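Encoded as structure tokens, the structure appears first; notes follow it.
The values are calculated or read from the model by the stated rules, or taken from the named source; none is laboratory data. The model shown is predicted, which means the values in this text are computed figures rather than measured ones. Neighbour counts are summed over all protein chains in view; Cβ atoms, including those assigned to glycine, are modelled from backbone coordinates with ideal geometry. Remember, those area values only see protein heavy atoms, side chains included, never the ligands or the DNA or RNA. Shrake-Rupley method; radii C 1.70, N 1.55, O 1.52, S 1.80 Å.
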Amino acid sequence: MSSKQRKRSRKTAKGNGTRMETAVESYLQWALDDLRIQRLRLRGRKDIGDIGNVFFHGRPVCIEVKWTQTMDAPAHMREAIREAGNMDSPYPWVIQKKAGVGLTSINKLGQQHAYTTTEVMDAMLRLSPSALRTRIKPEPLGRKKTMRLITLQEFALMLNSGLPLGPDTEE
């Protein structure tokens, strides 16, 4: 691969990452009806995730957003855990672009992958309403099955305590 091709590939990857972060930001703003949710600036070694102002039972949630060719869940989860430590969050999460599923609608965005450690998933589900606990069925993820995978829609439902997603349309 020539240096020109590598440079173009990096630009495409960076652009895809930005598109994915913007899409997740917009989805969570819509789902949780909260415009304070925003993409965060990079902070180098003290990075605190890609999406900010997301909370679960009053505690900050660290969200790392990925659009990569392959799902390197262990590496991505380690990054999310490190960044959660930087922001003093007990809830590290990775939102990963799902292959073959676009970013062009609320429905497609809701199908994107969301994963965390088994411990974090269990802790959050324990704090969720029982009706939601029976509805969300996390899949084991990783060779050692130490992570749990759900959809972005299910993650948003957890954050919203099982309440319907999106702004209240009643006047």
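Observations
- In loop segments of region 110-160 as defined by DSSP, the trypsin sites (Lys or Arg not before Pro) with at most 11 further C-beta atoms inside 10 Å of their C-beta are Arg143, Lys144, Lys145.
- On the chain, 49 percent of the accessible area sits on carbon and sulfur atoms, based on a 1.4 Å probe.
- Under a 5 Å amide H cut-off, with hydrogens placed 1.01 Å from N, Tyr91 pairs with Cys62 among residues at least 5 apart or on other chains.
- The DSSP beta bridges internal to region 56-171 are antiparallel in roughly 65% of cases.
- Normalising the average separation of contacting C-alpha pairs (under 8 angstrom, six or more residues apart) by the number of residues puts the relative contact order of region 37-171 at 18 percent.
- Taking all protein chains together and rolling a 1.4 Å probe, Thr68 ends up with roughly 50 Å² accessible.
- Computed on the Cα trace of region 127-169, the radius of gyration divided by the Kirkwood hydrodynamic radius gives Rg/Rh = 1.06.
- Per-residue SASA entry for Thr104, accessible area with 1.4 Å probe, Å² rounded to 10: 120
- In this Cβ point-charge picture (+1 for Lys and Arg, -1 for Asp and Glu), the chain has a dipole of about 1280 debye about its Cα centre.
- Ranking Leu141, Gly52, Thr12 by Cα position along the charge dipole of the chain, where only Lys, Arg, Asp and Glu carry charges on their C-beta atoms, puts Thr12 farthest toward the positive end.
- Distant-in-sequence amide contacts of Thr68, defined by a placed amide H-H separation under 5 Å and a gap of 5 or more residues or a different chain, comprise Lys97.
- Taking all protein chains into account, the per residue accessible area for region 103-142 stands at 52 Å² (1.4 Å probe).
- Highest mobility in the GNM of the chain, judged by mean-square fluctuation with C-alpha springs under 10 Å and restricted to Pro74, Pro129, Pro60, is found for Pro129.
- Here's how it looks for Asp50: its modeled amide H is under 5 Å from those of Ile63, Glu64, Val65, which are all 5 or more places away or on a different chain.
- q = 0.12, 0.16 Å⁻¹, the chain: log10 I(q)/I(0) [Debye, one scatterer per Cα]: -0.53, -0.94
- Ordering Ala99, Ala75, Cys62 by Cα displacement along the dipole of region 61-106 toward the positive end leaves Ala99 in first place; charges were set at the Cβ atoms of Lys, Arg (+1) and Asp, Glu (-1).
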